[in-house]
Number of protein chains: 4
Amino acid sequence: MLKGIVPPLVTPLSDRDTLDVSGLERLIEHLIAGGVSGLFILGTTGEGPSLGYRLRRELIERAITLAAGRVPVLAGITDTAFTESLNLARHAAEHGADSVVLAAPYYFPAGQAELIEYMGDLIKELPLPMYLYNMPGLTKVNFESSVIRAAMQWEKVIGIKDSSCDMIYFHKLLRLTKQRPDWSLLVGPEELTAEAVLLGAHGGVNGGANIHPRLYVDLYEAAVAQDLAKVRELHTRVIELASRIYAVGRHKSAIIKGIKCSLNLLGICSDVMAEPFHRFEAPEREQIRDHLHALHLL
Amino acid sequence: MLKGIVPPLVTPLSDRDTLDVSGLERLIEHLIAGGVSGLFILGTTGEGPSLGYRLRRELIERAITLAAGRVPVLAGITDTAFTESLNLARHAAEHGADSVVLAAPYYFPAGQAELIEYMGDLIKELPLPMYLYNMPGLTKVNFESSVIRAAMQWEKVIGIKDSSCDMIYFHKLLRLTKQRPDWSLLVGPEELTAEAVLLGAHGGVNGGANIHPRLYVDLYEAAVAQDLAKVRELHTRVIELASRIYAVGRHKSAIIKGIKCSLNLLGICSDVMAEPFHRFEAPEREQIRDHLHALHLL
Amino acid sequence: MLKGIVPPLVTPLSDRDTLDVSGLERLIEHLIAGGVSGLFILGTTGEGPSLGYRLRRELIERAITLAAGRVPVLAGITDTAFTESLNLARHAAEHGADSVVLAAPYYFPAGQAELIEYMGDLIKELPLPMYLYNMPGLTKVNFESSVIRAAMQWEKVIGIKDSSCDMIYFHKLLRLTKQRPDWSLLVGPEELTAEAVLLGAHGGVNGGANIHPRLYVDLYEAAVAQDLAKVRELHTRVIELASRIYAVGRHKSAIIKGIKCSLNLLGICSDVMAEPFHRFEAPEREQIRDHLHALHLL
Amino acid sequence: MLKGIVPPLVTPLSDRDTLDVSGLERLIEHLIAGGVSGLFILGTTGEGPSLGYRLRRELIERAITLAAGRVPVLAGITDTAFTESLNLARHAAEHGADSVVLAAPYYFPAGQAELIEYMGDLIKELPLPMYLYNMPGLTKVNFESSVIRAAMQWEKVIGIKDSSCDMIYFHKLLRLTKQRPDWSLLVGPEELTAEAVLLGAHGGVNGGANIHPRLYVDLYEAAVAQDLAKVRELHTRVIELASRIYAVGRHKSAIIKGIKCSLNLLGICSDVMAEPFHRFEAPEREQIRDHLHALHLL
């Protein structure tokens, strides 16, 4: 059962359609050294939907090879086309991924009954266990109780990552999934990891863990140990990091840009972004540098 | 310059990943016989984003072959991945498409400046002329004035289909694009075709034209001829069709389901839908049948 | 039956809680001279909800006195408190208003069934005929078919002003209300008056008519006369005015601010706004002046 | 400095415009006996905006008399009209209220700079200390950093109640307001009280405390005492209560209806609602009764 910090890896790129392979290697070493419990590739932070399929398949292969069994690799297979999700899942299984992660198809907002039918059809053909990924801000649909209850009937579903940013929803999710004590409940935004774990979650899928995995792992462990003083201190540091790094740049892409720029300044990987995004220009880069100094990360 | 009714074709499917080829042939003959000015494939009504890429490429090939040069074929290349949009555009060019149609990438909502940069990069490599496709309800971003102004500088862009359903926006678009009298301004929802053409648009990309192309072509021609009595009569019939056929079923997918179900009842093509959608069950199908009778279409 | 242009009057203020009485007089003379069919006070453009009740009552009294029976006065009674709506309606009736105008209560978004019950209760006690006012952008609720159908059963309801900016909705409204041929269907945003009247509406409640009533009255009359060439010309001028005057200032309040600033520059009334808004500062005022010159209004 | 549970009182009504005075008395005794730290009247749960002004003034007077100085009374003065907010504040001050509570004006969504100017003007004339009330879901505007920073300069502002349901925002608020250690930071939805207090908040303004004040007070105290086992147990009970009582009824008003219906079944006060809402009918009432039994509250 997956517990702890599972960072959603950024995808290091040397250009639009080329992996920064050595950057990926350094990133994976940096994360494993930081104590993470798994690697989630092709998520939102990984710009999954912005990457061509050849690149997605290559990333799956390389990440699994680089992880070398030290931690499980979770591969995002979210897509608007059923067939492409399945193709990715099969590719992931063939190359040794541990599980796949699925958000709702994100062009058409499906109804809850439609989502259940869609997921039921997909589950039948899936070669790997699956985590649900609730991401209503980008997929336009929330996994309501009926979807969760349906998914609890499918053995292949083994947990859920919730990035709704809605802690009321999250507490209802904890209540709802008590019948599946084997499920991992992971929270998306790092600002919510402290409270989620204190009140019953199993970990966090936190973008900032790309930059400073140890901070998030320590926070998770303090929460598990119920060391509230330490939780408060580390939570405050997480809020400080997020308030600084993610507030540079004015578009919604500021979070991913901030993380990639930080990683580049830390010497870990390239900060090239997949279109429609582009990396920070010099002025934003200097702000990120200043923030990393203020945070004692540089 | 494209003028008139350009239906956004539904994609006839015999199952999730298989074209209903004879259905596609009957549909194209039905549309051309109805007087349409072009065929737009792989749009929203065509469930483009829900189709696997192999199927998308096959559809492009077959539609072009079946149209046989009688009317232009416009191929949708909207995608979240730059590379896949370009791949589709190249495939369309190789097989003889006349132009491509591009909405904003629909996972991440890009800022306006990001959209301009993204489209500028794509335009450079595009082998065909391109129509913009404004679809904020599903892509999460509207093409604001700055994007339109940038696009007006690119010769390869030759028009825009606006499906914002916002006629205030549409009138501003007409005002803004006066410097590009060669641009086609087409309106998406068929309920708005009458007024759009009366006040300056060049045509409509209307889903209902799949069912009854002649009605929409007649409406367009009456509007061009400024025959207001006839426009009112035909517009009322369009509203009647839309109010009936698109109101069956409770999900957002009701419009596409209603069109596909109608086409199936009319003997034109299969009503199989691409997941996450599924065709209407018997009760809804009977309602559609009743409406087609009431509309004297069956 | 109300037809034509019924401007939603701005409320001239000399300070937060004081009417600019001579400004109000000049405004009403300006509008009646421009050929308007009625005066709608205490609407959105009139900043109704931002005014204290004493002031609202005074405005009702003065507007009726100043109109002196030349055109009907419609008084907005929209409120979050049932009792206060009723109090205003009674005050309006006592002082000779012709009718009242009611949007949905705008703090809590009521369900459609709740709206029907609420309106039914209010109608019972109303001393005057009532127009519905659909304003989902600010009230958070749209009047769906069930609400319209219920309202059609109430004799006291004599029409609807639709400010949804959704012409698909508007066409359905025309279809739905055919059973009440005595109802006035008026459209809110002036950018939509041309097409609404061409396709069956009875007039417009257009904010810009405060500035230049004759332009809007001419447009309405050209549309009634089905003089399409003239409609296009006047519609283009309306779009030009709206595109210029309402685009100064960056808040949602830009439209009302632009109208009040224009009226002040034209020597008609004060541009003081009710809080939370404040009139334009010098730079925006200069832009408005330039636009009025470009539009040949100054 | 205000700490602990401050319930947002429902407003007991015997009809649309009449207080249920004995119900109000029983409610206040029930709450004070339950250990609450203050009484917040005329908030959202109190249906403040749905009440006529005479009734609002009467409620202020009676609540203060009934509280008799045992706990502070906070009076909601949120209004769309500046003058009416000020009138209510003066009335509250004259009758002995301790402070007032102000959300953003809720018809027009003001910009952040406009909000600052509006609040600054109001603060100047306010006779009492004030809490901000962030309620973007109903007011359409969020208090961003610039508003918070401006408010921190005004001595009369002594805290904030955040009902955004956004814990990321809340953590940023805690970070931002460190320069005003005298400010009370209270969280709105009861599902979030546990984590808010564990991570630095001073209490909760929780609707469910109307029903079972002791449960919420105990939860608050356990969080202050850092007794995490007890926090988890009581938090689970709060989630259970909220998941049951607030899920009856399909409109957004379900929460307030559920609380009023519960209080009526518990013999505390009438469940009459202010329009546009109406109390639950028999079937929903029976569901609430069953839930109260299941929760051992009846």
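Derivation of every value follows stated rules applied to the coordinates shown; laboratory data play no part. On a predicted model such as this, the values are computed, not experimentally measured, just so you know. So basically every Cβ, Gly included, is an ideal-geometry build from the backbone, and we count neighbours across all protein chains shown.
One quarter of the convex hull surface, Cα atoms only: what value does that give for region C:115-253 in nm²? Let's see the in-between values first.
Numbers: hull surface 36.7 nm².
Quarter of the Cα hull surface area: 9.2 nm².
Segment D:R279..D:T18, full-extension length gain: 92.4 nm, with 0.36 nm per residue of separation and the alpha-carbon distance subtracted.
Sorted fewest first by neighbouring Cβ atoms within 10 angstrom, A:L132, C:L39 come out as A:L132, C:L39.
Ordering A:L115, A:L265, A:H91 by the projection of their Cα atoms onto the charge dipole of chain A, which places +1 on the Cβ of Lys and Arg and -1 on the Cβ of Asp and Glu, puts A:L115 at the extreme positive end.
How long are the semi-axes of the equivalent ellipsoid of region B:151-194, taking √(5λ) for every eigenvalue λ of the Cα gyration tensor, in whole Å from largest down? Provide the component values of the computation, followed by the final result.
Values: eigenvalues 76, 23, 14 Å².
Those come to 19, 11, 8 Å.
A point 7 Å from Cα along Cα→Cβ stands in for B:S14, and the other copies hold the same point at 4.6, 7.6, 8.3 nm, listed in rising order.
Counting from the shortest, the label point at B:P127, 7 Å from Cα toward Cβ, is 3.2, 7.7, 8.0 nm from the same position in each remaining copy.
Extending 7 Å from the Cα toward the beta-carbon at both C:L266 and D:E61 defines two label points whose distance is 4.7 nm.
Calculated over the protein assembly as shown, the projected area of the Cα convex hull averaged across directions stands at 42.2 nm². Note on region C:1-156: Rg/Rh from C-alpha atoms, Kirkwood Rh, equals 0.96. Residues B:S262, D:S145, arranged from fewest to most other Cβ atoms within 10 angstrom of their Cβ, appear as D:S145, B:S262. Helices assigned as whole DSSP H runs in chain D whose Cα atoms extend at least 24 Å along their own long axis and whose mean Kyte-Doolittle hydropathy is -1.0 or higher are found at D:228-245. When only Cα pairs below 8 angstrom with a gap of at least 6 residues are kept, region D:94-183 shows a relative contact order of 30 percent.
With a sphere of radius 13 Å drawn around the Cβ of D:S22, what net charge do the other residues whose Cβ falls strictly inside it have (Lys, Arg +1; Asp, Glu -1)?
Values: positive: D:R26, D:R62; negative: D:D20, D:E25, D:E29.
Result for the neighbourhood of D:S22: -1.
Distances between copies at D:D290, taken between label points 7 Å from Cα along the C-beta direction, are 3.2, 6.0, 6.7 nm in increasing order. Taking only the C-alpha atoms of region A:224-270, the Rg (one decimal) and the largest Cα-Cα distance, Dmax (whole number), read 13.7, 38 Å. Taking region D:175-281, how much of its Cα-Cα pair set, in percent, is spaced more than 15 angstrom apart? Tail fraction, whole percent: 65.
Projected label points at B:H296 and B:K156, each 7 Å from Cα along the beta carbon direction, are separated by 4.8 nanometres. Above 26 Å, the calculated P(r) of chain D contains 40 percent of its Cα-Cα pairs. With Cα atoms defining each centre, region A:42-117 and region D:140-201 are spaced 38 Å apart in the structure.
FRET efficiency for D:E286 and B:R289, Cβ-Cβ distance as r, R0 = 45 Å, nearest 0.05?
0.65
Closest approach of a chain A Cβ to the axis relating A and D (residue, whole Å): A:E195, 2. What's the local net charge at C:G34, with K and R +1, D and E -1, over the other residues with C-beta under 10 Å away? Taking every other residue near C:G34 into account, the sum is -1.
Taking the number of other C-beta atoms within 10 Å as the exposure measure, put A:I148, B:I32 in order starting with the fewest. Please report the intermediate quantities before stating the final value.
Details: A:I148 20, B:I32 17.
Neighbour counts put them in this order, fewest first: B:I32, A:I148.
Sequence gap at least 6, Cα distance under 8 Å: using those rules, report the relative contact order of chain C to the nearest whole percent.
Working: 534 pairs, mean separation 59.4, N = 298.
After rounding, I find 20 percent.
Pairs exceeding a 26 Å alpha-carbon distance, out of B:K178/C:K140; A:K140/C:K140; D:K172/D:K260; A:K172/D:K156; A:K140/C:K161; B:K124/B:K178: B:K178/C:K140; D:K172/D:K260; A:K172/D:K156; A:K140/C:K161.
Over region D:118-159, what is the relative contact order in percent, taking alpha-carbon pairs closer than 8 angstrom and at least six residues apart?
On the way: 22 pairs, mean separation 21.3, N = 42.
Relative contact order for region D:118-159 comes out at 51 percent.
What aspartates and glutamates sit close enough to D:K3 to cross-link, taking a C-alpha to C-alpha distance under 16 Å and skipping anything fewer than 8 places away on the same chain? Once the sequence-local aspartates and glutamates are set aside, what remains near D:K3 is D:D98, D:D162, D:D182, D:E190, D:E195, D:D218, D:E221. Across every direction, the projection of the convex hull enclosing the Cα atoms of region D:118-195 has a mean area of 5.3 nm².
When shorter helices are ignored and each DSSP H run of at least 4 residues is given -39500 (n - 2.57), the per-residue value for chain D at 222 nm works out to -14000 deg cm²/dmol.
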